[in-house]
Amino acid sequence: MGRGDIELQTNKVYGHDVVADVEGPSTAHQISTDSWFQVGFILTTGINSAYVLGYSGTVMVPLGWTGGVVGLVLATIISLYANALIAHLHEYGGQRHIRYRDLAGYIYGKKAYSLTWALQYINLFMINTGYIILAGSALKATYVLFRDDGLLKLPYCIAIAGLVCAMFAICIPHLSALGIWLGFSTIFSLIYIVISFFLSLKDGLHSPPRDYTLPGDGFSKVFTIIGASANLVFAFNTGMLPEIQATIRQPVVKNMMNALYFQFTAGVLPLYLVAFTGYWAYGSSTSVYLLNSVNGPVWVKAAANITAFLQSVIALHIFASPMYEFLDTKYGIKGSALNVKNMSFRIGVRGGYLAFNTFVSAFLPFLGDFMSLTGAISTFPLTFILANHMYLKAKEEKLTSSQKLWHWFNIGFFSIMSILATIAALRLIAVDSKTYHVFADV
């Protein structure tokens with residue numbers, strides 16, 4: 001069976017009765033076709049998506065200079081470590097585990113397979129909800145630059161964004177097919193990152209001293225800080241590393257580590273640049289969507305918003321791809337992407353999935369809250385708790401006592417953080433729901 005084959009032999013993915021010489025479960029999508037550099041760009045696209053325009057307001061404002069800077073650096077380091085653990089388990093037991101749920105099922109059994117898939121689905125659904133909110137916010141910000149008449153409200157913009165995302169999903173059959181779109185994504189990211197940086201820098205140099213006081217008081221401040229900790233881990237993690245690693249060429253572990261090193265070195269620099277500069281320029285008044293805070297020529301701000309919208313469409317496709325792969329494989333969608341059956345399936349199924357995603361985005365368009373909730377209930381468990389425990393179980397006989405203790409410490413610490421951050425995020429959503437209303441024009 002050669003490299004790039006998309007029809008692999010089917011086998012049982014849970015339990016330890018999988019024979020060592022089986023390559024992996026069946027999939028309708030391509031695997032083992034991409035260089036580590038392309039995979040590194042996919043990962044970097046996730047980090048420097050339009051979400052980067054929100055970290056000044058959702059991370060730096062509630063944490064301040066000390067907490068924000070230290071938190072982002074620590075989150076970078078621990079995220080690289082946790083992702084490296086998962087990457088090294090990709091060929092555990094002599095088999096490629098091309099899905100997160102396959103790996104969990106192989107190590108723990110059938111129940112863990114189902115639980116992991118549920119967690120991952122929730123994680124990716126909420127990330128995509130955030131992307132649609134971001135794309136809608138960018139559209140509304142563009143409209144307001146030219147006509148501030150209140151006619152085009154945020155829910156309408158979110159609906160338009162969802163439609164464009166669905167059209168893109170129908171045209172791009174699988175993750176490896178992104179190809180040149182990753183280049184466009186990089187260009188789009190550079191445009192809004194450069195513009196937001198220089199406009200923030202200009203505003204900061206010509207503004208009076210800013211107020212960097214942490215918002216809230218008492219319990220309110222505590223909940224806000226805990227919620228921001230979930231935003232920290234949300235910023236650097238995909239929750240779908242095995243699915244991305246599945247596209248990489250052999251040797252898969254070495255190449256994946258190269259991609260991760262690229263992501264967590266060169267890839268994080270633009271995020272730092274925008275987050276720190278935005279907070280420096282506007283202090284505690286920084287908007288959740290940074291481009292709503294900056295001042296500058298209309299055409300420059302329009303260019304930043306339009307590219308943020310377009311990049312969100314591409315980035316959403318990356319995070320929706322595990323769901324697409326599951327559905328395409330389940331219903332035998334393979335062969336030409338232009339086949340009438342395949343095209344009709346994508347229109348109906350992907351269009352329906354994104355229609356529901358769009359409805360949720362418009363119903364509760366609170367971007368910062370969704371970032372906190374995603375980090376709390378899915379990023380912490382998937383990337384930190386599960387990764388440490390899977391590695392501990394898989395390598396138990398090879399680990400020293402101190403190494404085992406280290407992994408158990410991580411499991412305990414991140415479990416507590418996940419519980420606290422979930423409570424904080426749900427509280428934030430409840431407060432915002434009372435302050436505004438459903439389908440709010442925020």
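The values are calculated or read from the model by the stated rules, or taken from the named source; none is laboratory data. This structure is a prediction, so every number in the text was calculated from the model and none was measured. Note that each Cβ is placed from the backbone with ideal geometry, even for glycine, and that neighbours are counted across all protein chains shown. Ligands, DNA and RNA are stripped out before the accessible areas are found, and what is left, the full protein with its side chains, is counted by its heavy atoms. Shrake-Rupley method; radii C 1.70, N 1.55, O 1.52, S 1.80 Å.
Observations
- Cα gyration tensor category, rounded, prolate or oblate, for the range 357-442 with a/c compared to 1.5: prolate
- Judged by the mean number of other Cβ atoms found within 10 Å, the most tightly packed of the peptides 189-196, 392-399 leads the ranking 189-196, 392-399.
- If the segment from Ile423 to Leu74 were pulled out straight at 0.36 nm per residue, it would be longer than the present Cα-Cα gap by 123.4 nm.
- Helical content alone sets the calculated 222 nm signal of the chain at -21500 deg cm²/dmol, taking -39,500 (n - 2.57) per DSSP H segment of four or more residues and averaging over every residue.
- Of Gln245, Gln403, Gln38, the one that fluctuates the most in a GNM where the chain has Cα springs shorter than 10 Å: Gln403
- Cα convex hull of the range 225-323, projected area averaged across orientations, nm²: 8.3 nm²
- With a simple spin-label model that places each label point 7 Å from the Cα along the Cα-to-Cβ direction, the separation between Val222 and Leu327 comes to 4.3 nm.
- Shape class for the range 290-389, computed from the alpha carbon gyration tensor (a ≥ b ≥ c): oblate, with a/c not under 1.5 and a/b at or below b/c.
- Calculated FRET efficiency for the pair Ser114/Met167, C-beta based, R₀ 35 Å, to 0.05: 0.60
- The peptide list 354-364, 372-382, 197-207, put in order of mean Cβ contacts within 10 Å with the highest first, becomes 372-382, 354-364, 197-207.
- Three-way shape label, the range 99-239, alpha-carbon gyration tensor, a/c 1.5: oblate
- For the range 299-442, the residue among Ser321, Ser372, Leu310 whose Cα projects farthest onto the positive side of the dipole built from Cβ charges is Ser321.
- Candidate lysines - alpha carbon under 19 Å from Lys202, same-chain residues fewer than 8 apart omitted: Lys301
- Whole-number accessible area per residue in Å² for the chain, which is evaluated in the context of all protein chains at 1.4 Å: 40 Å²
- The range 33-66: chymotrypsin sites (Phe, Trp or Tyr not before Pro) in DSSP loop, at most 13 other beta carbons within 10 Å: none
- Helices in the chain that qualify as membrane-span-like (whole DSSP H runs, Cα extent of at least 30 Å along the helix axis, mean Kyte-Doolittle hydropathy of 1.6 or higher) are 61-87, 180-205.
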